[in-house]
Amino acid sequence: MNSQSPTYAAVLLDVPIAAAFDYRIPADQEGRLAAGDWVVVPWARQQRVGIVVELRGRPAIDAARVREIIGPMPGAPRLDTAWLSLGAFAAGYYHCQPGELLIPAIPKRLRRPPPGGEPKRRTRPRDDFGDARRRFESLQKGLRATAEPGPPVTDDQRAALAALASGRGYHCSLLNGITGSGKTEVYLNWLSDVLSADPHVQVLLLVPEIALTPHLAGRVQARLNQPCAILHSAMRETDRAAHWLAAAEGRARVVIGTRLAVLAPMPRLAAIVVDEEHDTSFKQQEHPHYSARDLAIARAHAADIPIVLGSATPSLESWHAAGRGRYSLLRMTHRATGAALPEIRIVPLRESGAAPGQPRGTPEGFTDEAFAAMQETLAEGAQTLVFLNRRGFAPVLSCGHCGWLSQCDDCSAYRVLHRRARGNARNRFMLICHHCASTSAVPERCPNCGDPDLIALGRGTQRIEELLAQALPQVRIARLDRDVARRVGATESVFERLHGGEIDIIVGTQMLAKGHDVRRLALVVVLDADGALFSSDFRGPERLFAMLTQVAGRAGRHDGRGRVFVQTRFASHPVFGALLAHDYPSFANRLLDERREASLPPFTHHAILRAQSAELGEALGFLTEARRGAQTLLETPTPASNPAGTPILYYPVPMPLARIAGVSRAQLLVESPSRPALHAFLRAWRARLDTDAGRVRWQLEVDPIEI
Ligand code: ADP
Ligand code: ZN
Ligand code: ZN
């Protein structure tokens, strides 16, 4: 045996307490194990599967306490070290452990410790890795002799592709193309060129949600005609294992996936696309709070490869980076099909107090203008999308006598009135809290005063569907929201009927806003755009503009001119002016000016410390204490301290939704004009937080997108 070889391995595990854990290498593995290898290790009285990050001559802890690796994971491939570096980078940036990011991204099926104790003593091996490889093989049978050709590119697309072709090495391009400009064709042509230039390389396409764009994967596969792995959280475990392993072993040349796909090992990664880069689903809303878009950029940078971010309404962060020349800006301003952009009308909404008795047959919630447009559209045999970002029947139930409201017992929110999927006349409805999922029966009388006169206030998608069905009995109406989507196959079926022209009016939430290209959809009615207008979050207008642009972009993509009616009580709000003009750049530039004035991101950088406890006072108390500790830290000068970048600590406040499922939540915002200063501070601060949390649970989020 080589006496030089290290006898310890630092192993990555999904445990928050340390970056890696030291284990002794068994004699029969010395000189064989390397970084990227999978090992089975003892953890308390269990076994866990981890990844070796580093070999060491001596352990970081007392050698007597170091336990021995049980054995290598049978059948597992050595993972590439760039993947380990990605984990290390992300952990440093998001102030978590690399194992908390990387290990959960490995499919569960591939990180089951082998049965029967020690792997080397097993008799009949379970072969998870072999199964996964065979499964991917069989899924790739659909590949054809040649790739399906695409349409001839438009001038806009040609110009974008020419700009992309000229780049070598790391380069970030922001593709800002209006809805329908054919961004997907640009991605496909570019990726296809990258794949044909070198028969070994892999490419990664990140998308916000695969379930909502079921055609995308098929289209990409047909056009690129290469083994293609798909990764998202709603897959069956066996499929996920098959696809992930193909990505990790370089057998999948194309990986299409949602946020978690950015954490897939891809040893020969050569190009990345992030579609709809502004979409908030790229940010994980739980610990560890990473941004897949930002990690994709970091990954491209580390691998020295090009990346394209695409959107009709880029995030202000990306728009700003493009403005400063950090990204190159590629714009596409014409629709690829030659269709014109939809004509947008802002329709003032007057809330009529009395619901019943609509004189001209216009259903509640619709203006006469919008309803007349729907009838014209129906007469032309075209389709209408009615957009309302509120599922259920009515957002709250109230007592007409005493003002009682259907408050959730455990949340600072109302329980929402829902029509039951199967209910009889007596119990057609129930109350559901959208935050903790608790349900209750609809009371027959007011629980407070006993009055029988309970009123459903406001309207959700179920009620709109019902009102339309009453007003337009001959018309084929369908609904799509998360309640419908819960039924297996329901989303696919709705989209199939919609694309097949079997639906005249589709009512739905933002599930309908994204990426769909429905040929005969001519009219979009946005019932109530106001929810997001006066949001407490400074990103409210940016979000609303992006959402309205997306949903408006569904209208008239092919034949004739699309029309969009946006109903609002605040028709003179500047966000609507920009929408009418289809002018994202001036809107974004104006918002950036406001952000600069107010020292908000992207001109400063944020982190949020959130605390949860049974009592709000406890959570706030913890944050107050944490703030005091932070002030002490900031007062202690260090060689690295930079007065210009000194973080500002805001006061702790209850979160906008202060209580969920009986847990109170509070937050403290930290802001700094300097990223390095912010991170240096967070590193020091985080170390102190661990020690005095008591009963409070806390989380640190870097670059929060919701405040
Ligand atoms: P975006 O993602 O920019 O909104 P898509 O990529 O969905 O746009 O393209 C919009 C529509 O235009 C699709 O129906 C697509 O098939 C079509 N399309 C894209 N490029 C071309 C082209 N070069 N010639 C003809 N049709 C095109
Ligand atoms: Zn009452
Ligand atoms: Zn609740």
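For the stretch 575-707, rounded, prolate or oblate, judged on the Cα gyration tensor with a ≥ b ≥ c (square roots of eigenvalues), a/c < 1.5 rounded, else prolate if a/b > b/c?
oblate
In whole percent, what relative contact order does the chain give with Cα contacts below 8 Å and a gap of six or more residues?
Relative contact order of the chain: 11 percent.
How about the stretch 312-353: which trypsin sites (Lys or Arg not before Pro) there are in a DSSP loop, with at most 15 other Cβ atoms within 10 Å of their Cβ?
Answer in residue order: Arg324, Arg326, Arg350.
Would you mind pulling out the separation of the Cα centroids of the stretch 642-661 and the stretch 373-392, in Å?
Between the Cα centres of the stretch 642-661 and the stretch 373-392 lies a distance of 42 Å.
What is the set of long-range amide H partners of Val308 at a cut-off below 5 Å, with H atoms built 1.01 Å from backbone N?
So Val308 has HN proximity to Ser173, Ile272, Val273, Val274.
Measure nothing but the geometry: give the 0 to 90° angle between the long axis through the Cα atoms of 183-197 and the longest principal axis through the Cα atoms of the chain, rounded to 10°.
Tilt relative to the chain: about 30 degrees.
Would you please classify the overall shape of the stretch 230-277 from the alpha carbon gyration tensor, given that a ≥ b ≥ c denote the square roots of the eigenvalues, rounded means a/c under 1.5, and beyond that prolate means a/b larger than b/c while oblate covers the rest?
oblate
Once the dipole of the chain is set up with Lys and Arg at +1 and Asp and Glu at -1 on Cβ about the Cα centre, which of Pro98, Pro541, Gln29 lies farthest towards its positive end?
Positive-end residue among those listed: Gln29.
Of the chymotrypsin sites (Phe, Trp or Tyr not before Pro) in the stretch 543-576, which ones lie in a loop per DSSP and count no more than 16 other C-beta atoms within 10 Å?
Phe570
So who's got an amide H within less than 5 Å of the one on Val347, skipping anything under 5 residues away but keeping other chains? H placed 1.01 Å off N, in plane.
Those qualifying (amide H under 5 Å, at least 5 residues apart or on another chain) are Val566, Gln567, Thr568.
Which aspartates and glutamates, on any chain, are close to Lys183 with Cα under 15 Å apart, when same-chain ones fewer than 8 places away are left out?
Asp155, Asp156, Asp275, Glu276, Glu277, Asp517
Counting other Cβ atoms within 10 Å, keep those with at most 12, restrict to DSSP loop, and tell me which trypsin sites (Lys or Arg not before Pro) in the stretch 601-707 are left.
Arg695
Might you report the magnitude of the Cβ-based charge dipole of the chain about its Cα centre, with Lys and Arg at +1 and Asp and Glu at -1, to the nearest 20 debye?
Magnitude of the dipole: close to 1640 debye.
Between Arg519 and Arg596, how many nm apart are label points set 7 Å from Cα along the C-beta direction?
Roughly 4.8 nm, to one decimal.
I need Thr624, Thr491 ordered by Cβ neighbour count within 10 Å, fewest first.
Fewest to most other Cβ atoms nearby, the residues stand as Thr624, Thr491.
Can you give the helix-only mean residue ellipticity at 222 nm for the chain, where every DSSP H stretch with n ≥ 4 adds -39500 (n - 2.57) and the sum goes over all residues, rounded to the nearest 500 deg cm²/dmol?
One gets -9000 deg cm²/dmol as the mean residue ellipticity at 222 nm.
Could you pull out every one of the aspartates and glutamates with an alpha carbon less than 19 Å from that of Lys141, ignoring same-chain neighbours closer than 8 positions?
By straight Cα distance, Lys141 reaches Asp131, Asp239, Glu249.
For Leu12, enumerate residues with amide H under 5 Å from its amide H, sequence gap 5+ or separate chain, H modeled in the peptide plane.
Phe21, Ile51, Val52, Val53
Run a plain Debye calculation on the chain (Cα atoms as equal point scatterers, no solvent) and give log10 I(q)/I(0) at q = 0.08, 0.10 Å⁻¹, rounded to two decimals, same order as the q list.
-0.73, -1.14
Answer rounded, prolate or oblate for the stretch 49-103, using the Cα gyration tensor with square roots of eigenvalues a ≥ b ≥ c: rounded when a/c is under 1.5, else prolate when a/b is larger than b/c, else oblate.
Oblate shape, in that a/c is at least 1.5 and b/c is the bigger or equal ratio.
What ³J(HN,Hα) values, in whole Hz, does the Karplus curve 6.51 cos²θ - 1.76 cosθ + 1.60 give for the stretch 598-614 when θ = phi - 60°, with x put for Gly and Pro?
Karplus values, whole Hz, x for Gly and Pro: 8, 6, 10, x, x, 7, 10, 10, 10, 9, 10, 9, 10, 10, 10, 7, 4.
Read the figures in this text as sums done on the coordinates, not as results from a lab. The structure displayed is predicted, hence computed values, not measured ones. Note that each Cβ is placed from the backbone with ideal geometry, even for glycine, and that neighbours are counted across all protein chains shown.
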